[in-house]
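Here is the structure we will look at, set down as structure tokens.
Please treat every number below as a calculation from the coordinates, not as lab data. All figures in this text were calculated on a predicted structure; none of them were measured in a lab. Heads up, the Cβs are rebuilt from the backbone with ideal geometry, glycines too, and the neighbour counts pull from every protein chain shown.
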Amino acid sequence: MFYLLKYFIQMKILLRNSDLNEAILGSTNVGFVPTMGSLHKGHISLIKKSLINCNKTIVSIFVNPTQFNNKKDYKKYPRNIKKDLKILKRLKVNFVYKPDKNEIYNFKNKIKAKLSKKDKILCAKYRKGHFEGVIDVMTRLTKIVNPSKIFMGEKDFQQLFLVKNHIESNFKSKVILCKTVRDKNKVALSSRNLLLSKKDLIKAGKITKELFLFKKKLSKKNITKNLILIKKNKLEKLYNINVEYLEIRNKKNLQLSNKIKDSKIFFAYYLKNIRLIDNF
Ligand code: AMP
């Protein structure tokens with residue numbers, strides 16, 4: 001009976017904070033999946049985890065302008081709301097929160113996001129203001145939604161690291177880590193992959209496989225700066241790409257590491273003019 005009831009409950013699309021507050025009033029164990037839309041199987045895995053672990057699931061779709069350090073990048077970010085809503089309906093999420101800029105930014109956020117010097121690494125070093133924008137919007141969204149759990153992907157590891165620290169020290173909400181979902185060529189799914197040609201997506205697959213292999217080889221080695229530099233140069237030459245960073249860092253504190261144990265490879269590069277990131 002309960003199963004049937006759940007099946008017939010309609011997904012609600014909420015545009016305003018007041019509608020959202022009303023809709024979730026009295027709900028407990030609310031799961032929240034923040035996204036920028038153009039949903040793929042990576043997002044879907046987060047949503048499924050929330051549906052299994054929470055009483056109600058809210059998915060937000062909001063392309064946040066303040067986290068783009070480049071206006072062009074914001075404009076060309078893929079948007080596909082019709083398809084997204086179809087996917088979310090099929091998954092039977094309870095609520096889709098689709099605010100406009102005004103709903104998010106019409107109140108003052110007193111919990112300021114400030115990155116310390118040791119945080120200005122990896123993407124924070126190359127995308128000025130990006131994480132300040134991400135942390136600010138995540139603080140606002142957490143205030144509005146007040147979820148028990150927030151589901152976020154390991155694909156954006158540094159984002160997860162910074163947001164988890166910030167949110168869990170200011171709110172009761174817990175940030176839950178979700179594994180990276182990859183395509184058949186091992187490329188991490190990303191909305192930005194839609195901007196790549198088929199040929200470039202295949203190339204991205206070859207690059208990804210090479211990095212998995214590199215990690216395997218590193219397990220037997222003492223990692224030196226030179227070893228990493230040689231790999232970076234080789235990748236750039238072989239695939240005609242621009243590597244922004246290739247670094248080995250500890251998983252717990254993101255400090256540079258010279259052993260692969262307890263560490264990850266962090267990688268960002270440009271394939272033509274599309275910026276891709278991954279970690280292994
Ligand atoms: P985005 O829409 O790109 O802002 O991503 C929304 C959430 O989905 C973030 O927590 C991402 O880390 C997560 N995500 C994006 N791609 C993947 C993926 N391939 N596997 C797992 N999670 C992902």
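Quick notes on this one:
- Here the calculated FRET efficiency for K92 and R182, from their Cβ-Cβ distance with R0 = 22 Å, stands at 0.30, rounded to the nearest 0.05.
- Per-residue HN-Hα couplings for the range 40-50 [Karplus 6.51, -1.76, 1.60; θ = phi - 60°; Hz; x = Gly/Pro]: 9, 5, x, 4, 4, 5, 5, 5, 4, 5, 5
- Dipole in debye (nearest 20) - the chain, about Cα centre, beta carbon charges: Lys, Arg +1; Asp, Glu -1: 1000
- Of all beta bridges that DSSP places with both ends in the chain, some 45 percent have antiparallel geometry.
- Applied to the range 127-133, the Karplus parametrisation 6.51 cos²θ - 1.76 cosθ + 1.60 on θ = phi - 60° returns per-residue 3J(HN,Hα) values of 10, 4, x, 4, 6, 4, x Hz, with x for Gly and Pro.
- Each residue of the range 78-92 was assigned a 3J(HN,Hα) from its phi angle through the Karplus curve 6.51 cos²θ - 1.76 cosθ + 1.60 (θ = phi - 60°); the sequence is x, 10, 7, 5, 4, 5, 4, 5, 4, 4, 5, 5, 4, 6, 6 Hz, with glycine and proline shown as x.
- Cut-off under 5 Å, modelled amide H: who pairs with K174 long-range: K149, I150
- The long axis of helix 198-218 is offset from the longest Cα principal axis of the chain by roughly 70 degrees.
- For the range 122-194: rounded, prolate or oblate by the Cα gyration tensor [a/c cutoff 1.5]: oblate
- Residues whose amide H falls under 5 Å from that of Y245, counting only those 5 or more places apart or on a different chain, are A268, with hydrogens built in the peptide plane.
- Between amide H atoms placed 1.01 Å from N, distances below 5 Å from R182 occur with L189, all of them 5 or more places distant or on a separate chain.
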